[in-house]
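Asks: The structure follows.
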Amino acid sequence: MARSIIIGGGVIGLLSAYELRRRGRDVIVIDKGNFGQGASAGNAGWITPSLSAPVPAPGLVAQSIKWMLRPDSPLYVKPSVVPGMLGWLLEFWRHCNVEKYEQGRSALGMLNRLSLRDFDRLAEQGLDFEMHSAGLLYVFRTEEALRAYLDDLAHWEEFGASEPKRLTPDEARELEPALRPEIIGGLLVESERHVRPEKLLSAAEQWLRANGADMRAHTEVADLVIQDGRVTGVRVKGGDVIEGDEVLLATGAEAASLAARAGFELPMQAGKGYSLTIRNPKLKLGRSMYLVEGRVALAPYDGALRLAGTMELSGINTNLYEERIAGIRKSADLYLTDWSDGDEIIPWVGMRPMLPDGLPAIGRAPTIPNFYIASGHAMLGVTLGPTTAALIADLMTKGQAEIDLTPFDPARFDRRLAAARR
Ligand SMILES: Cc1cc2nc3c(=O)[nH]c(=O)nc-3n(C[C@H](O)[C@H](O)[C@H](O)COP(=O)(O)OP(=O)(O)OC[C@H]3O[C@@H](n4cnc5c(N)ncnc54)[C@H](O)[C@@H]3O)c2cc1C
């Protein structure tokens, strides 16, 4: 039986291992920490095809420069890291125009169209995790933001979402009485769902353990072992080699260094985000909610409420800055009354894996035929987890995926390879 090594045990790595195991592969999953403790743990868990827009968007250049001066802003670029990530920022800013934005949106829409179906498939196959299907309520405080979202959401069919319903402020407050009178309206997308991400991850991990996967936590991959142009294994910190027939890189925000070892450039940065989880909250929301101008996501779970948000470019680290947490709280106060009452509030920080065009890298490495990548899912790693896993597992086992993966080509940023291909 062919042996697949999966580096990284976040939502992408664990679900890819699940799909590979179901297709008959012998799998080894390696994570430098515990499984599911990276970006995949404390996020909002939204499954939201209606949010198919890539992060780089028209108008974001001016806005991000303005926000650079405000450490509590929804998108913060730490000035001291700018010199070190100038190349990445320039490439990101180059994608902040209408043409690239629309291209990115239709590529993400192509993946998102499959996401609800693929979550249903996991549930039908018996993975037991907490999933809520009461929709997503977008809440607005300004007409300008509402108009921008109406433009994007006009493509709801293309994304596989249901038609957004426009709500007056009273209608929105009827659904969610904690909303403040200052809101100017809402959009309800009934097809949207959310999961408790920790439960999805532990269900996948348990299934893998029960089905013969070799699960290696606290094992950091330091290098690839490459012989005659093929990867034959990975070298872990301490020097041991784990052998395999193929390798999948699913290390999220930290994917750049091992991609470089495979001989190509993958310009990955961390878009840090924060969440606050309230245990036994007093506020009982009926559905997940997006506080649009404040860029705060809310997700109600069994016995908990999570608020998540902010995008901080401050390098690859999980340092937690109090100003960012304060920014989430301040934004929530503008939309909601008494949201913070509960037994305990648990802060968390995670690194969204960000490529400068806002699309993930899903596919075969350009340099090594048995080395594959599935990383860079930015704000959509949970939404796109099951779909990405099925696509990459099909590519690895059958040589072909259900959809054309060209927009997600891992080699698309490597100028040297692009020049060589011309
Ligand atoms: C605040 C916040 C809210 C979010 N909300 C949502 C949401 O509602 N819906 C949604 O779809 N997405 C959301 N996201 C995005 C989502 O969390 C990410 O896209 C997703 O978790 C990325 O998964 P991953 O498996 O690629 O990376 P990770 O979960 O980070 O997993 C990568 C793993 O690789 C391991 N690793 C790294 N280097 C090595 C190495 N050398 N050797 C071994 N192991 C290694 C790490 O330890 C880690 O466990 C949110 C993110 C944040 C920060």
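The values are calculated or read from the model by the stated rules, or taken from the named source; none is laboratory data. From a predicted model like this one, the values you see are computed outputs, not experimental measurements. Here Cβ is always computed from backbone atoms with ideal geometry, including for glycine, and neighbour counts include all displayed protein chains. Heads up: the accessible areas ignore ligands, DNA and RNA and are worked out on the full protein's heavy atoms, side chains in. Shrake-Rupley method; radii C 1.70, N 1.55, O 1.52, S 1.80 Å.
Asks: Just checking, does the range 167-183 include any residue being within 14 Å of the ligand (Cβ to nearest atom), open to solvent by less than 40 Å² (accessible area, probe 1.4 Å), of a type outside the set (A, V, I, L, M, F, W, C) and in contact (Cβ under 8 Å) with a residue 60 or more places away in the chain?
Replies: No, there is no match, as no residue in the range 167-183 is within 14 Å of the ligand (Cβ to nearest atom), open to solvent by less than 40 Å² (accessible area, probe 1.4 Å), of a type outside the set (A, V, I, L, M, F, W, C) and in contact (Cβ under 8 Å) with a residue 60 or more places away in the chain.
Asks: Quick check: is even one residue across the range 60-72 within 16 Å of the ligand (Cβ to nearest atom) and buried (at least 18 other Cβ atoms within 10 Å of the Cβ)?
Replies: Scanning the range 60-72 turns up at least one residue that is within 16 Å of the ligand (Cβ to nearest atom) and buried (at least 18 other Cβ atoms within 10 Å of the Cβ).
Asks: When you go through (1) among the basic types (Lys, Arg); (2) open to solvent by 20 Å² or more (accessible area, probe 1.4 Å); (3) within 15 Å of the ligand (Cβ to nearest atom) one by one for ARG306, which number turns out not to apply?
Replies: Going through the list (1) among the basic types (Lys, Arg); (2) open to solvent by 20 Å² or more (accessible area, probe 1.4 Å); (3) within 15 Å of the ligand (Cβ to nearest atom), ARG306 breaks only (2).
Asks: List the residue pairs whose Cβ atoms are under 9 Å apart, where the first residue sits in the range 275-304 and is farther than 22 Å from ALA172 by Cβ and among the β-branched types (Val, Ile, Thr), the second is at pLDDT below 95 and surrounded by fewer than 21 Cβ atoms within 10 Å (Cβ to Cβ), and the two are 6 or more positions apart or on different chains.
Replies: Qualifying pairs under 9 Å: none.
Quick grid of which residues meet (1) in contact with a His (Cβ under 7 Å, 6 or more places away or on another chain); (2) within 24 Å of GLU293 (Cβ to Cβ):
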| site | (1), (2) |
| --- | --- |
| SER314 | no, yes |
| ASN317 | no, no |
| TYR321 | no, yes |
| ILE328 | no, yes |
| TRP339 | no, yes |
| ILE345 | no, yes |
| PRO356 | yes, no |
| ILE362 | no, no |
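Asks: Something else about it: Is there any pair linking a residue in the range 87-109 that is crowded, with 16+ Cβ neighbours inside 10 Å to one that is among the polar types (S, T, N, Q) and modelled with pLDDT of 95 or more, with Cβ under 7 Å and at least six apart or on different chains, and which?
Replies: Hits for this filter: TRP88/GLN269.
Asks: Where residues in the range 1-21 are at negative phi and small (Gly, Ala, Ser), which of them is farthest from the ligand (Cβ to nearest atom)?
Replies: Looking at the filtered set, the residue picked out is ALA2.
Asks: Quick one: is GLY24 within 6 Å of the ligand (Cβ to nearest atom), in a loop (DSSP other than H, G, I, E, B) and either surrounded by fewer than 24 Cβ atoms within 10 Å (Cβ to Cβ) or touching a residue at least 24 places away in the same chain (Cβ under 8 Å) (or both)?
Replies: no
Asks: Quick check on my filter: what residues within the range 388-422 are open to solvent by 70 Å² or more (accessible area, probe 1.4 Å), more than 29 Å from ALA2 (Cα to Cα) and part of a helix (DSSP H, G or I)?
Replies: ARG415, ARG416, ALA420, ARG421
Asks: Tell me which residues, restricted to the range 238-277, are near the ligand (Cβ under 8 Å from one of its atoms) and of a type outside the set (Phe, Trp, Tyr).
Replies: Within the range 238-277, ALA250, THR251, GLY252, ALA253, GLU254, ALA255, SER257, LEU258, GLY271, LYS272, GLY273, SER275 meet the criteria.
Asks: If you don't mind, another one. So, restricting to strands (runs of 3 or more DSSP E) that lie completely within the range 227-283, which ones have at least 2 residues that are outside the structural domain of ARG216 (by TED's automatic domain parsing)?
Replies: 269-279
Asks: Let me ask something additional. Condition check: outside any helix (DSSP H, G or I) and open to solvent by 50 Å² or more (accessible area, probe 1.4 Å). Does PRO54 satisfy that?
Replies: Spelling it out, it is not the case that PRO54 is outside any helix (DSSP H, G or I) and open to solvent by 50 Å² or more (accessible area, probe 1.4 Å).
Asks: Give the range 362-385 a look and list any residue that's within 11 Å of the ligand (Cβ to nearest atom) and either touching a Lys or Arg at 6+ places or on another chain (Cβ under 7 Å) or assigned by TED's automatic domain parsing to the domain that holds LEU108 (or both), or say none.
Replies: Answer for the range 362-385, where residues must be within 11 Å of the ligand (Cβ to nearest atom) and either touching a Lys or Arg at 6+ places or on another chain (Cβ under 7 Å) or assigned by TED's automatic domain parsing to the domain that holds LEU108 (or both): ALA378, MET379.
Asks: Considering each of PHE159, PHE140, PHE119 in turn, give the residue that is among the aromatic types (Phe, Trp, Tyr), closer than 28 Å to ASP26 by Cβ and surrounded by 16 or more Cβ atoms within 10 Å (Cβ to Cβ).
Replies: PHE119
Asks: Which of (1) within 16 Å of the ligand (Cβ to nearest atom); (2) touching a Leu at 6+ places or on another chain (Cβ under 9 Å); (3) within 30 Å of VAL231 (Cβ to Cβ) does GLY33 not meet, given it meets every other one?
Replies: It fails just one condition, (2).
Asks: Still on this structure, I have one more. Only residues that are among the aliphatic types (A, V, I, L, M) and not in a loop (DSSP other than H, G, I, E, B): list them for the range 290-318, please.
Replies: If the condition is that a residue be among the aliphatic types (A, V, I, L, M) and not in a loop (DSSP other than H, G, I, E, B), then LEU291, VAL296, ALA297, LEU298, ALA299, ALA304, LEU305, LEU307, ALA308, MET311, LEU313 are the ones that fit.
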